[in-house]
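> Below is a structure I'd like to ask you about.
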Amino acid sequence: MAETALITGAGQGIGEAIALRLAKDGFNIAVNDLREAAAVAGKCRALGVKAECFPADVSDYGACEGMVKEVKERFGSIDVLVNNAGITRDGLAVRMSEADYDLVIRVNQKSVFNMMKLAGAVMMRQKGGRIISVSSVAGVHGNAGQLNYSASKAAIIGMTMTMAKELGSRGVTVNAVAPGFIQTPMTDALTEEQKAAILSQIAMKRYGQVEEIAGVVSFLAGSDSSYVTGQTIEISGGLSM
Ligand code: NAP
């Protein structure tokens with residue numbers, strides 16, 4: 001039976017690219033997003049695998065509980081979890097509202113607790129699985145204007161090491177990726193001056209593509225990474241070295 005990958009926030013962007021790559025790798029795909037991401041599920045099915053949508057707010061523990069139960073019932077197992085859903089509410093710390101701090105922590109960090117706990121329990125019982133979370137270079141190096149976001153992304157790195165220690169003896173590996181500047185509508189909207197300033201700090205002098213994140217996630221989900229756990233792989237074209 002084909003293995004199942006559940007990807008959060010897979011309706012667009014990096015999450016969509018991860019869903020399509022893991023479908024190409026032969027995984028059945030459970031597509032989570034806030035909304036019904038029918039187009040992404042359709043593209044996965046066109047690659048010859050089973051794919052269904054599981055709309056849910058991953059910052060809500062009860063919604064995650066329902067989703068994990070439903071995915072397990074409809075697909076039979078959860079072999080790979082990719083914690084990708086994330087948001088930004090940027091602003092300098094002295095001007096950041098408490099509401100924007102709390103929201104980013106809830107969506108980016110608490111969601112990872114919800115999903116690591118719930119899917120981790122399924123994987124423990126299965127005696128195998130892969131958990132991969134999307135952190136950020138902002139969580140490794142910090143980034144002005146992103147106190148909330150960098151806190152949430154740094155937390156993911158600590159949570160990854162802790163879960164790797166807790167689940168290692170059960171055959172579950174737990175890793176993270178830390179993307180740098182990836183070409184998305186967000187980076188397209190920057191001014192030429194801002195783009196030049198960013199590119200000057202990147203050894204490879206270009207933005208990353210979403211497929212380049214998906215490729216590393218594919219490695220962490222596959223058999224070639226069977227002895228890799230507790231690690232955060234930076235995918236940044238050599239930023240801040
Ligand atoms: P994106 O285009 O905004 O996609 C994020 C997806 O997550 C959206 O489909 C969004 O749905 C969904 N989502 C938001 N809140 C959710 C929730 N509570 N429950 C379920 N789904 C939710 O972002 P992206 O650029 O692809 O980023 C994906 C991940 O990579 C994020 O964790 C981000 O922090 C990280 N990252 C991105 C970059 C970059 O350069 N883009 C760099 C480093 C790290 P809606 O659209 O309906 O809100």
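The values are calculated or read from the model by the stated rules, or taken from the named source; none is laboratory data. Bear in mind that the values here come from a model prediction, so they are computed numbers and not experimental data. Virtual Cβ from ideal backbone geometry, glycine too; neighbours counted across all protein chains shown.
> Has segment 176-189 got any residue that is part of a loop (DSSP other than H, G, I, E, B) and among the aliphatic types (A, V, I, L, M)? If you could, list the steps in order and put the result at the bottom.
Just the residues of segment 176-189 that are part of a loop (DSSP other than H, G, I, E, B), to begin with: 180-181, 183-184, 189.
From the residues that got through so far, the ones that are among the aliphatic types (A, V, I, L, M) too are 189.
The answer is yes; a qualifying residue exists.
> A further question on this structure: Conditions: (1) part of a loop (DSSP other than H, G, I, E, B); (2) farther than 17 Å from Leu22 by Cβ. Gly48 meets all but one. Number of the miss?
It is condition (2) that Gly48 fails.
This table checks each residue for (1) more than 16 Å from Glu16 (Cα to Cα); (2) at pLDDT below 95; (3) not basic (Lys, Arg).
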{"site": "Val174", "(1), (2), (3)": "yes, no, yes"}
{"site": "Gln183", "(1), (2), (3)": "no, yes, yes"}
{"site": "Gly208", "(1), (2), (3)": "no, no, yes"}
{"site": "Glu212", "(1), (2), (3)": "no, no, yes"}
{"site": "Gly222", "(1), (2), (3)": "yes, no, yes"}
{"site": "Ser226", "(1), (2), (3)": "yes, no, yes"}
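> Now for a different question. Filtering segment 132-152 down to residues that are more than 12 Å from Thr88 (Cα to Cα) and buried (at least 22 other Cβ atoms within 10 Å of the Cβ), which residue is farthest from the ligand (Cβ to nearest atom)?
Selected residue: Ile132.
> Could you list all residues from segment 194-241 that are over 20 Å from the mean Cα position of the chain (by Cα), of a type in the set (A, V, I, L, M, F, W, C) and more than 16 Å from the ligand (Cβ to nearest atom)?
Answer for segment 194-241, where residues must be over 20 Å from the mean Cα position of the chain (by Cα), of a type in the set (A, V, I, L, M, F, W, C) and more than 16 Å from the ligand (Cβ to nearest atom): Ala196, Ala203, Met241.
> Could you look through segment 35-66, keep only residues that are in contact (Cβ under 8 Å) with a residue 40 or more places away in the chain and not charged (D, E, K, R), and pick out the one that is nearest to Thr8 (Cα to Cα)?
The extreme case among them is Val58.
> Same structure again: Where the second residue is modelled with pLDDT under 95 and near the ligand (Cβ under 8 Å from one of its atoms) and the first is within 18 Å of Ala178 (Cα to Cα) and lies in segment 14-34, which pairs have Cβ atoms under 9 Å and are six or more apart or on separate chains?
What qualifies is Ile14/Thr184.
> Could you check Tyr149 against (1) in contact with an Asp or Glu (Cβ under 8 Å, 6 or more places away or on another chain); (2) of a type in the set (Ser, Thr, Tyr); (3) over 21 Å from Phe113 (Cβ atoms) and say which number it fails?
(3)
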